[in-house]
Structures are given as structure tokens and as C-alpha cells.
Amino acid sequence: MSLLSVRNLVIDYAKTRALDGADLELAQGETVGLVGESGSGKSTLGSAVGRLLPRSALRTEGEVVLAGEPVFDLPPGRLRHLRKRHLGFVFQDPIASLNPTMRVGAQLRLVLGRGGDVGFHLGRVRLDDARVTRAYPHQLSGGMAQRVAIAMAMATSPELLVADEPTAALDSQVREEVSDMVFSLAAEAGTSILWLSHDLPAVARRCDRVAVMYGGRVVENGPAREVLGNPVHPYTAALAGASPAAAAHGTRLEPVPGRPPVLTGPAPGCAFAPRCPFAVERCEHERPEPVRVRDQHVLCHRAEELADQRVPEVTA
Amino acid sequence: MKLDKLSVGGLGCLVVLVLFALGGLAGLGGDPDAIVGPRLQPPGPGWWLGTDNLGRSVLPRVMEGVGTTLLLSSIAVLLTAALSATFGIIAGYRGGYLNELVMRLVEVLYSFPAIVLAILVAAVLGPGQLAALASIVLVTIPLMTRLVRAAAVAVSQRDYVTSAVISGARLPRVLGRHVLPNVAGTIAVQGTYALSVGIAVEGGLSFLGFGVQPPQASLGVLIQQGGTYMIAAPWLILGPGVVLVVAILAINVVGDGLRDRLEPRETRSLT
């Protein structure tokens, strides 16, 4: 049975639709990279997992099941226990994820409860505990603060860690180190990871599976190597083609033309259709249903045809 | 914590005023109710600030008045701070109908001019110290609650609050350990402004006869009594008047310093 299951989730804000029927499955111990542009809905999906959406967000449809519990239909007490036992979050801005008015040690102790070993947990993220324990968050560097945040999130050995671009605000030097730390700690504790990012190749390198979001839906979802190496959905292919790391020296990077959509209601067809070089009339009017191509689940009317003719031609 | 020179000066003034009031309490200026000499005498030996219309020495009366006014305002402001912090934080954190309820109630209070509200309270409770206290609380509560709420709304969206919620913290801990300390600066700054408003409200209400009742002295009472003899005996109104101005000015200056210190404009970049 899967640890996390998001089914046809639709989240609306006052005038915009953040999620437009997103589906995601995550098995115990699995690491999944959730990739998408700003505004694709990945942060909303991440927050929805813990029912941490702002008050203005409205769940219009769908459900989120975490460890067998329907997250959106739980009474407050059960929700609190669910979060406490099963969830950890790491955020983008490391300094903002620590309370500026409390010393690091006191904050960690608050999470650990009585009898918690602050030194042990700081040691796990390789921080010299005596100095860090007494420090206030503003006295730490971004990398150190993020490691403290990771220690706090992993302190309870949660079953699922949601990491919302935890390395985006860090120096490139410490970026790798922090990512390594998260993945090794998670592997040790048997924690599943949902890693949100807009860096497809970086995510594909570390995660078992990759889910690509576009226009509030997961458009392609499959084993990391397959999604990056043999993308089926034209959007994934375009993303892979726009990555500087993957391009051979001397070749041009191909940008994805156009802008991501801002939805106000359900997309009438495929949200990518206006930017898609393969779009046919059907794509504009009919919402694609997930189809299975090779090992991937893809939301594309022409997935099977395109898979046969080797998609990287998108970039031509 | 460092304050700028002006604020340190203001703080110094306040300390002097408190010492002055404490000195009065210790009887350094003499008995505020004793008749010591002829009526309406200008300052001189035996009555360093002159005598009033009953022949009482003005100095001990001003000392008592400062004490009464400061004590009354301080208690009222502490009450305001406690109530505003509670309602502002809950409204800001929970939002929804609770927020609407608190904000609409506060706006009703806010729509009354301060002194009109104070007179209304005095009319209901009857003139006296309690009326002055309640008036100050009701006059200062709207602004502070609104600002605490605004600060709490911002703090509630911070990642560390979300982290605390995920880690299974109950509401009292989230509010007490994470939200309250981070809006404490706002409460402190607004507290100083509320204190100066409180002193002004007490002065106004007592001046009109609805606040502190003679023979007990407060700055408002003294100014009211002195006003009658402003031409014949200007020292009667000068002493308490100057003290009132100094107190309010000093408190506002300290408040400005605190605000600059505790609520710096956030220019820090993300990384």
C-alpha cells in the first residue's frame, strides 16, 4: 500500500486554480522528485499533503491519503497526531524556518520533548552542538540553519519528508552537501521523500521517481532515469531539452516557447496545448486521462504516438 | 539593547518622574492634604511651588498627582496589552469568523472619539479611578489589537510556525512560544504609545471631573483646579502642566526609539 496517495486533487484560491486534478502516489521508503515551473502547483501540492494550505485555499475536489488517513477529513486532534508521527517539512528559506526569538537548542528541545538529546540530533547533521545550541538563528549561516531545520524535521523520524526546494537559497558549495545529508538521513530512517524542485536533472539524479507538474496536474510520472532520458510528455521533453547540464557542448539550448498558464477554472483540455508543438485539435478541448507508456504515467492524448517516434525531436 | 540618545533622554525623564512620584509617596515634599500657609501664595520657602486656593503646598500635590496618573495609566496599559495580545494573536492566527468578530468589535470602539468614549464610560461606571482606568483601556485597546493582529497574521505565515504545527505542537504552544515572542516588539512599542494616550485620557477625564476625584490629586485634577486661578496664580497650573507635557513627550520619544530598534524595516535579502 502506498504511503501517500493524492487523487484528483483540485485546490482553488479566490480567483486562480492552483491544482487542477493532481494525482500522485508515493510508496514507503520511496524518494520522489516533484518538478515544475513556478506556479505549476508543486508547492500547493506539497502543502496539501500536510493540510497546511493558507486559509484562502479551498479544496474543491479530490483527496489526500497519508498513511491510510484522509488528511482533509480528519478532526483536529487526529490531524495533529498524523502530522506529528508521519510528517516532516523542510523549507526553502532556512533562516525563516527557525524562530528568531529562540536559541537553536531550545527550539530543538521543543520538538524533541523531554529527554530528547539535542547534541545527538545536531551531530547527525554534522553541527558542532555546543556553539550552535546557544546560537540564535540569525547567527547561523544559511547552510547551518538549513541543517538545523533538517535535524528538526528528521528528529521524529517521520515517514514522509516534504522538502520544498531546500537548497534553492543556499550557496552552490553547500547545496550538494545539504542534499546528501537529507537523502542519507532519510535512507537511514526509512523516510520517504517528496522533493519539490524546478531543477529536473538534479532531482532525477537523486530520486527514485520523478513527477513533472504542469498547470496544476502531474503530467508525467515515472522512474527518474526514464523521465529524464526518455521523456514521453512533450513538456518533459522540452524541460529536458532546456537544461544546460544535459546539452552537449556547442549545441543550442532550446527554451520552451510561451508562458505557463494561469488557470481560473478547470482547463478545458491539455494545459500545455498552446505551447505544444504536437498539439492537435483534440488537445484543446478534451482533458487528457493518464495513459501508461513504458514505465511512465503520462497525461497526453498523443503519448503513444510520440513515444514511438522518439520525443527529443520536440526541440527541433 | 541600544537606544538612540533622544530615547535615552526620554527614558531619563521618565525615571526622574517616577522617582519624583516615589519621593511624594515617601513624604519628601510634605503632606499633600495639609494646609501649610496662606492661600494662593507664589513659590517661596515652605511651599516651593506655591500654595493653592486652600493653602495647601503645591509640590507634594504634584508629586502625588504624577504618581496617581502614572500608576493608573500603567495598570490600564498592562491590561490593554494583555487583552490586545490575547485577542490580536488569536484573531490573527485563526482568522475566519473569530477574526471578523474581534475586528468589528474593535472598529466600533475605534469609531468613538477618545474623550467621548471616556465620558460614556464614566457615565456608566460613575466618576472615579475605576472609570478612568476602564476609559484608558477602552480607548487604547482598538489600535493595539489591530496592530498586534496585523503582526500576528504575518508571523503566522512564517515557516517556523508551520514547522511547529507539523511537529505536532498544540495551539497554546504555537501561540505562546512562536507567535507571541515575535509580536512582542509590536506590543512593547504600542504599549508606550498607549501609555501616553492613557496619561492624556486620564488628564482629560479628571479635568472634566469624571476621573480621579479630589482631594486625591492627579495631573488632570491639578490642572482643572489650577485653571480657575490661571491669572491670579499661574504656578498652580504650570507645575502639573509642565509635568504632563514632559511625561507624554518622554514616553513618545522612548516609543519612537523602541520602534526603530524592534521593528526595523526588513531589508535583509533572502540568503
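From the list A:225, A:175, exactly one residue is basic (Lys, Arg) and farther than 24 Å from residue A:5 by Cβ. Which is it?
On the way: A:225 fails: farther than 24 Å from residue A:5 by Cβ.
Matching residue, one of A:225, A:175: A:175.
Given the options A:139, A:173, A:107, A:146, name the one that is farther than 30 Å from residue A:70 by Cβ, touching a Pro at 6+ places or on another chain (Cβ under 6 Å), polar (S, T, N, Q) and within 14 Å of chain B (Cβ to nearest Cβ). Lay out the reasoning, then the answer.
Working: A:139 fails: touching a Pro at 6+ places or on another chain (Cβ under 6 Å); A:173 fails: touching a Pro at 6+ places or on another chain (Cβ under 6 Å); A:107 fails: touching a Pro at 6+ places or on another chain (Cβ under 6 Å).
Every option except A:146 fails the conditions.
Suppose the filter is within 14 Å of another protein chain (Cβ to nearest Cβ), in contact (Cβ under 8 Å) with a residue 40 or more places away in the chain, surrounded by fewer than 23 Cβ atoms within 10 Å (Cβ to Cβ) and assigned to a helix (DSSP H, G or I); does residue B:174 pass it? Don't jump to the end; show me each part of the working.
Numbers: within 14 Å of another protein chain (Cβ to nearest Cβ): yes; in contact (Cβ under 8 Å) with a residue 40 or more places away in the chain: yes; surrounded by fewer than 23 Cβ atoms within 10 Å (Cβ to Cβ): yes; assigned to a helix (DSSP H, G or I): yes.
Here the answer is yes, as residue B:174 does meet what is asked.
I'm trying to understand the selection: among the residues of segment A:238-274, which are within 15 Å of residue A:301 (Cα to Cα) and either surrounded by 13 or more Cβ atoms within 10 Å (Cβ to Cβ) or of a type in the set (Gly, Ala, Ser) (or both)?
Step one: of segment A:238-274, the residues within 15 Å of residue A:301 (Cα to Cα) are A:267-274.
Matches in segment A:238-274: A:267, A:269, A:270, A:271, A:272, A:273, A:274.
Hey, among B:91, B:134, B:151, which residue is buried (at least 23 other Cβ atoms within 10 Å of the Cβ), in a helix (DSSP H, G or I) and either in contact (Cβ under 8 Å) with a residue 12 or more places away in the chain or more than 14 Å from chain A (Cβ to nearest Cβ) (or both)?
Values: B:134 fails: buried (at least 23 other Cβ atoms within 10 Å of the Cβ); B:151 fails: buried (at least 23 other Cβ atoms within 10 Å of the Cβ).
Going through B:91, B:134, B:151 in turn, just one is buried (at least 23 other Cβ atoms within 10 Å of the Cβ), in a helix (DSSP H, G or I) and either in contact (Cβ under 8 Å) with a residue 12 or more places away in the chain or more than 14 Å from chain A (Cβ to nearest Cβ) (or both): B:91.
Given (1) away from every other protein chain (no Cβ under 14 Å); (2) touching a Phe, Trp or Tyr at 6+ places or on another chain (Cβ under 9 Å); (3) at negative phi; (4) in contact (Cβ under 8 Å) with a residue 40 or more places away in the chain, where does residue B:156 come up short, assuming only one miss?
It is condition (1) that residue B:156 fails.
Out of all the residues in segment A:260-279, which are without any contact (Cβ under 8 Å) to a residue 60 or more places away in the chain and within 18 Å of residue A:200 (Cα to Cα)?
Within segment A:260-279, just A:272 meets the criteria.
If you scan segment A:123-148, which residues turn out to be farther than 18 Å from residue A:179 by Cα, outside any helix (DSSP H, G or I) and not charged (D, E, K, R)?
Pass one, segment A:123-148, residues farther than 18 Å from residue A:179 by Cα: A:128-140.
Keeping just the survivors that are outside any helix (DSSP H, G or I) gives A:128, A:135-136, A:140.
Within segment A:123-148, A:135, A:136, A:140 qualify.
Given B:67, B:50, which one is among the small types (Gly, Ala, Ser) and over 26 Å from residue B:118 (Cβ atoms)?
Answer to the selection: B:50.
If you go through segment A:149-160 one residue at a time, how many are assigned to a helix (DSSP H, G or I) and either surrounded by fewer than 18 Cβ atoms within 10 Å (Cβ to Cβ) or within 10 Å of chain B (Cβ to nearest Cβ) (or both)?
Residues of segment A:149-160 that are assigned to a helix (DSSP H, G or I), as a first pass: A:149-154.
The next check asks that each one be either surrounded by fewer than 18 Cβ atoms within 10 Å (Cβ to Cβ) or within 10 Å of chain B (Cβ to nearest Cβ) (or both); those that pass are A:149, A:152-153.
So the answer is 3.
For segment A:67-104, name all the residues that are in a strand (DSSP E or B) and within 12 Å of chain B (Cβ to nearest Cβ). If you could, list the steps in order and put the result at the bottom.
Going residue by residue through segment A:67-104, those that are in a strand (DSSP E or B) are A:69-70, A:87-90.
Answer for segment A:67-104, where residues must be in a strand (DSSP E or B) and within 12 Å of chain B (Cβ to nearest Cβ): A:87, A:88, A:89, A:90.
Throughout, read-outs are computed from the coordinates displayed, never taken from laboratory work. In this text the structure is predicted, and so the values were computed from the model without any measurement. Note that each Cβ is placed from the backbone with ideal geometry, even for glycine, and that neighbours are counted across all protein chains shown.
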